[in-house]
Amino acid sequence: WCVAKPHADQAVLSKGLNFACGEGGADCAAIQNGGACYNPPTLIAHASYAFNSYYQIKGRNYWNCYFQNAALLVVTDPS
């Protein structure tokens, strides 16, 4: 899984989230208001969801989990 780093800069997380859910093509419907993964409605939680969605659709390559050094790969399910 690709998740947001706990102490990543908020501006970098926001930029990465916008990229992943926009031109990156990640499926971010679940983190929209009312979506199954909307709660908790925090930047780090939503960025983690978006980063992982992007990472998965791009083939799970380590280079697809960078986001200006705001993300990291984990081996245990972050849920």
Quick one: go through segment 4-22 and flag any residue whose amide nitrogen is under 20 Å from the point 7 Å out along the Cα-to-Cβ line of Tyr38. 17-18, 21-22
Cα-based Rg and Dmax for the chain, where Dmax is the largest Cα-Cα distance (Å): 11.1, 31
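Computed from the coordinates by the stated procedures, all read-outs in this text should not be read as laboratory data. These numbers come from a predicted model, not from an experiment. Cβ coordinates were reconstructed from backbone atoms using ideal geometry, including for glycine residues, and neighbour counts include every protein chain displayed.
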